[in-house]
Amino acid sequence: MAHEPELLILLIISTLVDYYCGIKMYEANSKPLKRNYLIISIITNVGILFVFKYLLFFTSNIQWLFDFFGTELLNDQEANSYNFSNILLPIGISFYTFQTMSYSIEIYRGLIKPERHVGKFALYVSFFPQLVAGPVERASRLLPQLKENIKLNINNLKEGIIMMAWGFFLKLVVADRLGIYVDEAFRNPDSQHSLSLVLGSIFFCFQIYYDFSAYTSIAIGAAKTMGYDLIQNFNQPIFATSVAEFWKRWHISFTQWLRDFIYKPLVKKNRTPRLLAVFIVFFINGLWHGANWTFVVWSLLNALILIIEISTKSIRHSIFNLLHLPKRARELIGWATGISLIITTLVFFRSPNISHAMVYVKSMFAFNNSFHVNILDNYFELLLSIILIFVVQVIYYYKGNSKVYELFTERTKWTKYSMSLAYILIIVLFAINRQNSFIYFQF
């Protein structure tokens, strides 16, 4: 937005419309009138999102459909005059539109009262630490904090700075390093060895996890230094023992949004069959991530896996009982199966198109006899990447995503000095010097 300040108009429109509709919904003396203001809020936010994120996707698919049936929708001259590719995608638009919609929906449901101070409501919508890539905060959590008279707190300052430092380490040292190998693996998958593609898909799973959790840690840390608590967006998802559990631990603020505002109304109010509701939710989840069928396929594959997992739960339980497998062994099987499927589906997330993803998956499961994985011809970088993944996962295993700061705060003074010096040296020596924006900035 710094380079395109006019895009702030969209944020202002979303803020003012939802501020006005929230007050009117609360003052409305009939449910139909309240519903009308809710519809205005949703149409405004979804309309902004559609025009700036999905219009090109929608028109190109309509054009393809007409071409498939031999009908010309637009000639070349008309198509050039309606060049939707010139429409810019404002950073963070998917996050702040969903955040403001949740505010309107919660007022409609009577869960919260509207904020009558336009400045405080605008601060809730545009709170800078989490504006461009989340987490998607609820008004019931963040607005009361913004109303408090917060004073400088040294402990908050320390914890916040450590969380920010951890986020910079995850991004600059780990995620961007993994991205170098991932970029090479996905560049020409048909010319790579299967084992290197398997490693590339594994590295991408960790890359997107560390990249996104890095931004979340920075956002949470920045808010913490000012005395505000943002919702944790991750809860050790890599250690999940099932796909269902993975989605409860991944991008928590958004998955809870989908659950509360789409899945539950579909099932409880509209009596939609649960399996169909799961597919609808995951279709929206995929489309939210980007205007590309790769995201939709990735998300629907996860929905299919989730449904199969739920449907076969009793069968698997019976088999495990028959084999007398202990709980730990069952969890290990669930973890290995779940994370393998998650990693495989993420190939579609990373690929530029469906055909590229299919080539990658086909080549990945070719199972040739070569054990070549060092596609960068640098064994040090490959080994360092694996070590860094191991170190980060050990830290997350013992401290979780939310208590990393305890690694520093619970040490003696001289240990803290040593850790600070070590951190500076690691950043200087191992940070990747590339202009890589956070992956979720594009959403």
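The values are calculated or read from the model by the stated rules, or taken from the named source; none is laboratory data. Since the model is a prediction, treat every value here as computed from it, not as a measurement. Please note: Cβ atoms are built from the backbone with ideal geometry, for glycine as well, and neighbour counts cover all protein chains shown. Accessible surface is based on the protein model in full, side chains and every heavy atom, while ligands, DNA and RNA are left aside. Shrake-Rupley method; radii C 1.70, N 1.55, O 1.52, S 1.80 Å.
What to note about this one:
- In the context of the full set of protein chains, the chain has a per residue accessible area of 52 Å² (1.4 Å probe).
- GNM flexibility winner over the chain from ILE333, ILE107, ILE23 (Cα, springs under 10 Å): ILE333
- Loop-resident trypsin sites (Lys or Arg not before Pro) (DSSP state other than H, G, I, E or B) in the range 143-224 with no more than 10 further Cβ atoms inside 10 Å of their Cβ: LYS151.
- Residue pairs, from the table LYS120/LYS151; LYS120/LYS264; LYS24/LYS151; LYS248/LYS362; LYS264/LYS362; LYS171/LYS224, whose Cα atoms sit over 27 Å apart: LYS120/LYS264; LYS24/LYS151; LYS248/LYS362; LYS264/LYS362
- The accessible area of THR294, taken with all protein chains in place and a 1.4 Å probe, comes to roughly 0 Å².
- Computed in the context of the full set of protein chains, the accessible area of the chain at 1.4 Å probe radius has 65% of its extent on carbon or sulfur.
- Loop sites in the range 363-434: trypsin sites (Lys or Arg not before Pro), DSSP, at most 12 other Cβ within 10 Å: ARG434
- Over the chain: helical MRE at 222 nm, DSSP H runs n ≥ 4 each giving -39500 (n - 2.57), nearest 500: -21500 deg cm²/dmol
- Cα-projected label distance for THR337 with LEU304, points at 7 Å along beta-carbon direction, nm: 1.7 nm
- Note on the range 94-202: with charges restricted to the Cβ of Lys and Arg (+1) and Asp and Glu (-1), its dipole about the Cα centre is near 620 debye.
- Ranking LEU384, GLN207, ALA139 by how far each Cα lies toward the positive end of the dipole of the chain (charges on Cβ) leaves ALA139 at the top.
- Distance histogram for the range 301-443 (every C-alpha pair counted, 10 angstrom bins, percent rounded to whole numbers): 8, 20, 31, 26, 13, 2
- Partners of LYS269 within straight-line reach, counting lysines whose Cα lies under 19 Å from its Cα and excluding those fewer than 8 residues away in the same chain: LYS31, LYS34.
- Pairwise centroid distance, computed over Cα atoms, of the range 417-431 with the range 203-277, Å: 31 Å
- Spatial offset of the range 136-162 relative to the range 371-412 amounts to 29 Å, using the alpha carbon center of each.
- Length-normalised contact order of the chain in % [C-alpha pairs under 8 Å, at least 6 apart]: 19 percent
- Contact order normalised by residue count of the range 275-317, Cα under 8 Å, 6+ apart, percent: 37 percent
- Among LEU376, LEU143, LEU16, residue whose mean-square fluctuation peaks in a GNM of the chain (springs only between Cα atoms under 10 Å): LEU376
- Spin-label model distance (nm) - LYS248 vs ILE43, 7 Å beyond Cα toward Cβ: 3.9 nm
- Computed accessible area, TRP288, all protein chains, 1.4 angstrom probe, square angstrom: 10 Å²
- Dipole moment magnitude, nearest 20 debye, the range 366-443 about Cα centre, only Lys, Arg, Asp, Glu C-beta charged: 360 debye
- Accessible area per residue (1.4 Å probe, heavy atoms of protein chains only) ranks ASP211, ASP183, ASP260 as ASP183, ASP260, ASP211, with the largest value leading.
- The chain: C-alpha gyration tensor shape, a/c 1.5 cut-off, then a/b vs b/c: rounded
- Only Lys, Arg (+1) and Asp, Glu (-1) charged, at Cβ; the chain dipole about Cα centre in debye: 2040 debye
- Residues in the range 395-422 that a label on PHE239 would reach, taking backbone N under 18 Å of a point 7 Å out along Cα→Cβ: 395-408
- For the range 157-172, backbone phi angles converted through the Karplus equation (6.51, -1.76, 1.60; θ = phi - 60°) give residue-by-residue couplings of 4, 5, 4, x, 5, 5, 5, 5, 4, 4, x, 5, 4, 4, 6, 6 Hz, Gly and Pro being listed as x.
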